[in-house]
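The values are calculated or read from the model by the stated rules, or taken from the named source; none is laboratory data. If you're wondering where the values come from, they're calculated on a predicted model, not measured in any experiment. Ideal geometry is used to build each Cβ from the backbone, glycine not excepted, and the neighbour counts take in all protein chains shown.
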Amino acid sequence: MSMSMDDRFDPNAAADETAGVYGLPFSVDAARVVVLPVPFAATTSYRRGAQKGPAAVLEASRQVDLYDHEWGNFWEAGIAMCPPSDEVMAWEREASALAETVIAVGGRIGDDPALRAALDRVNVLSGKVNDFVYAAVADALAAGKEVALVGGDHAVPLGAIRAHAARWPGVGLLHLDAHADLRRHYEGFTYSHASIIDNVLEEVPGVSRVVQVGIRDFCEEERARIDASAGRVVTFFDADLATRAAEGVAWQRTVDEIVAALPAKVYLTFDIDGLDPTLCPNTGTPVPGGLSWREVCGLLRGVVRSGREIVGLDLVEVAPGADSDWDANVGARILYKMIGAMRMSKKVFDAGGERG
Ligand SMILES: [Mn+2]
């Protein structure tokens, strides 16, 4: 157990509302795992709310039991959430107001100078978010930490993916999502939530492969992009996963095939809408079908079992309901399992472990 931990901390007790993420007493400096909140969701095209994800996940996290049935007390290495950046929150306010006018016309801005200016400014602000995230993640990695980013929409992890790919060239993305996210500059936004994987393919050569799981909402152009990627994008479509399950193929066998497509180092990017929407009813662009809780846990277990190393991760598109904390509850729990898988995959359980 970390020397920096509060001697009075009782992992079996209820967390108080001033405690840190998961009710833990670690400072960011003392924690091995840094949770980076990025409350930015300017390009959300259908239903807003993901900018509230980090605060909602933080609050819900205090209800999560620390002891994990599969992975024990992995939290002892230290998990702490950074305070949200005032700059990012200011960029979110400015960009989302401007983006709204562009989204209202579906990105068809024509030769309207006000809309052109709005679009240009959103693209500038999105670039600032990318630079901010890249710098924050690169600093944390250089300090020997592991990073779990919480969005925000699916535009925000680009800087995190870039930082991980710079440190581990050849890294693979495990991409859980309802959407392929391969749209080229969706609605004119260079860094749209619907374009994250397209931007990774174009801008991050250090990512050797993207393995997509749960995909069930995509346009023909995106399908063609996958087919033309020469294996850089490998997609396990939700409909095909459903067929296999209906034919009696065990999920564990499917997991082994998914995992086999990944290189040795893995970055996990999880859009919560990859789950069955009963688990994330308020997310920005929900789609029927999707992964069950047990399937996701089995997939994480399969990555760990394979000996692959999860080097970093993000969870995006968690949007709290107006009068329900269900989405945030699920989000906090899946984030905890993802962090557990990352810790477990590194086989380092103690704060004084071999990389410390
Ligand atoms: Mn997505």
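Can you name every residue in segment 160-171 that is surrounded by 23 or more Cβ atoms within 10 Å (Cβ to Cβ) and away from the ligand (no atom under 16 Å from the Cβ)? Selection gives Ala163, His164, Ala165, Val171. Scoring Arg209 on the criteria (1) at pLDDT 95 or above; (2) within 16 Å of the ligand (Cβ to nearest atom) leaves a single failure, condition (2). Scan segment 256-268 and tell me whether some residue there is surrounded by 12 or more Cβ atoms within 10 Å (Cβ to Cβ) and of a type in the set (Ser, Thr, Tyr). Yes, segment 256-268 contains a residue that is surrounded by 12 or more Cβ atoms within 10 Å (Cβ to Cβ) and of a type in the set (Ser, Thr, Tyr).
Name the single residue that is farthest from Asp111 (Cα to Cα) among those in segment 179-193 being within 16 Å of the ligand (Cβ to nearest atom) and assigned to a helix (DSSP H, G or I). So the residue we want is His193.
Of the residues that make up segment 234-254, is at least one in contact with an Asp or Glu (Cβ under 8 Å, 6 or more places away or on another chain) and at positive phi? No: segment 234-254 contains no residue that is in contact with an Asp or Glu (Cβ under 8 Å, 6 or more places away or on another chain) and at positive phi. Scanning segment 315-326 for residues that are crowded, with 20+ Cβ neighbours inside 10 Å and either polar (S, T, N, Q) or assigned to a loop (DSSP other than H, G, I, E, B) (or both) gives Glu317, Val318, Ala319, Pro320. In segment 194-205, what residues are part of a helix (DSSP H, G or I) and either under 18 Å from Tyr267 (Cα atoms) or more than 10 Å from the ligand (Cβ to nearest atom) (or both)? Answer for segment 194-205, where residues must be part of a helix (DSSP H, G or I) and either under 18 Å from Tyr267 (Cα atoms) or more than 10 Å from the ligand (Cβ to nearest atom) (or both): Ser195, Ile196, Ile197, Asp198, Asn199, Val200, Leu201, Glu202, Glu203. Among the residues of segment 308-326, those identified as of a type in the set (Gly, Ala, Ser), in contact with a helix residue (DSSP H, G or I) (Cβ under 8 Å, 6 or more places away or on another chain) and more than 16 Å from the ligand (Cβ to nearest atom) are Gly312, Gly321.
Inside segment 327-345, residues that are over 15 Å from Val21 (Cα atoms), surrounded by 23 or more Cβ atoms within 10 Å (Cβ to Cβ) and either more than 16 Å from the ligand (Cβ to nearest atom) or under 12 Å from the mean Cα position of the chain (by Cα) (or both) make up a count of 3. Only one of the numbered conditions (1) more than 16 Å from the ligand (Cβ to nearest atom); (2) touching a residue at least 12 places away in the same chain (Cβ under 8 Å) is not met by Ala142, and that is (2). Only one entry in Gly274, Gly356, Gly284 is crowded, with 21+ Cβ neighbours inside 10 Å and modelled with pLDDT under 95, namely Gly284. Taken together, the residues in segment 278-294 that are within 14 Å of the ligand (Cβ to nearest atom) and either touching a residue at least 60 places away in the same chain (Cβ under 8 Å) or assigned to a strand (DSSP E or B) (or both) amount to 7. Among residues that are modelled with pLDDT under 95 and either assigned to a loop (DSSP other than H, G, I, E, B) or touching a Ser or Thr at 6+ places or on another chain (Cβ under 7 Å) (or both), Phe9 is included.
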